[in-house]
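Take a look at the structure below.
The values are calculated or read from the model by the stated rules, or taken from the named source; none is laboratory data. All figures in this text were calculated on a predicted structure; none of them were measured in a lab. Cβ atoms come from the backbone with ideal geometry, glycine included; neighbour counts cover every protein chain shown. All accessible areas refer to the heavy atoms of the entire protein, side chains included, with ligands and DNA or RNA removed. Shrake-Rupley method; radii C 1.70, N 1.55, O 1.52, S 1.80 Å.
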Amino acid sequence: LLDDVGVAVDARNRDRRTALMFACKTGQCAVVSHLLAAQADPTLRMKDESTAFDWAVLSGDEATMNLLADHPLVDIAAMNRFGCAAVQWAAAAGSVTSLCWLQRRGLSLSHLNEANHGAVMKAAWRGHGSALQWLLLDAEGPRLVSQLFVRDVEGNTVADAARTNGKGDIATWLESVAREIQRESRPPTTEGS
């Protein structure tokens, strides 16, 4: 299409998505490499201002994430118009691999978007138990237990949001983790007081 027909490498659909973005979303690293070699612009943004890198993170394909992250024009800390960063995409996908990759790259996993949704909220909404376990409790993870107590702009806790989205088992587990955190953070009481 690019060479024989002459289709523009950065042609966009109505949502302003390009072939590069779709290749990133599906983790097609060889296609991403070919499109970049053909001068595809990795800085273009979709209607919501998300980038090809965001979609690479959503795919969870490390080779694609590395390829884009190493491109001199790509800002791996970029946010879309809702304030979502790569951490929200990785958590929404439930990809512990992507979350670990972001952490190794030095990105903050504690970032909250404009709705006060962080990685824990995004993973809980989708019911990604293994991602939640890593985000909250794993010694190698960021231990984002404070996000259990953050209310979003609608007043919901992470557990509330999970329950609303039909993830009752996740909500119940999150509530038990929050109770345990609160119990551990209380100062010990002395007898007779």
What is the number of the single condition among (1) touching a residue at least 12 places away in the same chain (Cβ under 8 Å); (2) open to solvent by 10 Å² or more (accessible area, probe 1.4 Å); (3) among the acidic types (D, E) that D54 does not meet?
(2)
Looking at L36, is it at pLDDT 95 or above, among the aliphatic types (A, V, I, L, M) and within 18 Å of the chain's Cα centre (by Cα)?
no
With criteria (1) in a helix (DSSP H, G or I); (2) more than 12 Å from the chain's Cα centre (by Cα); (3) over 21 Å from R163 (Cβ atoms), T97 comes up short on (2)
Can you find even one residue in the range 102-121 that is at positive phi, touching a helix residue (DSSP H, G or I) at 6+ places or on another chain (Cβ under 6 Å) and outside any helix (DSSP H, G or I)?
no
Residue, surrounded by the most Cβ atoms within 10 Å (Cβ to Cβ), within the range 138-192, restricted to residues that are of a type in the set (V, I, T), modelled with pLDDT of 95 or more and outside any helix (DSSP H, G or I)
T157
For G60, work out the one condition from (1) open to solvent by less than 50 Å² (accessible area, probe 1.4 Å); (2) modelled with pLDDT under 95; (3) more than 19 Å from W101 (Cα to Cα) it doesn't fulfil.
(3)
Answer yes or no: is there a residue in the range 98-113 that is over 26 Å from R143 (Cβ atoms), surrounded by 16 or more Cβ atoms within 10 Å (Cβ to Cβ) and polar (S, T, N, Q).
no
Using the structure shown, decide if V7 is open to solvent by 40 Å² or more (accessible area, probe 1.4 Å), more than 21 Å from the chain's Cα centre (by Cα), more than 28 Å from L112 (Cβ to Cβ) and at pLDDT below 95.
yes
Scan of the range 16-50 for residues that are open to solvent by 50 Å² or more (accessible area, probe 1.4 Å), in a loop (DSSP other than H, G, I, E, B) and either touching a strand residue (DSSP E or B) at 6+ places or on another chain (Cβ under 8 Å) or of a type in the set (D, E) (or both), ordered by number
R16, T43, E49
Applying the selection to the range 114-137, what residues are open to solvent by less than 40 Å² (accessible area, probe 1.4 Å) and of a type in the set (A, V, I, L, M)?
A115, A119, V120, M121, A123, A124, A131, L132, L135, L136
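Residue-by-condition table, conditions (1) within 26 Å of H128 (Cβ to Cβ); (2) touching a His at 6+ places or on another chain (Cβ under 9 Å):
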residue: V9; (1), (2): no, no
residue: C29; (1), (2): yes, no
residue: L36; (1), (2): no, yes
residue: S95; (1), (2): yes, yes
residue: C100; (1), (2): yes, no
Determine, yes or no, whether D70 is open to solvent by 60 Å² or more (accessible area, probe 1.4 Å) and modelled with pLDDT of 95 or more.
yes
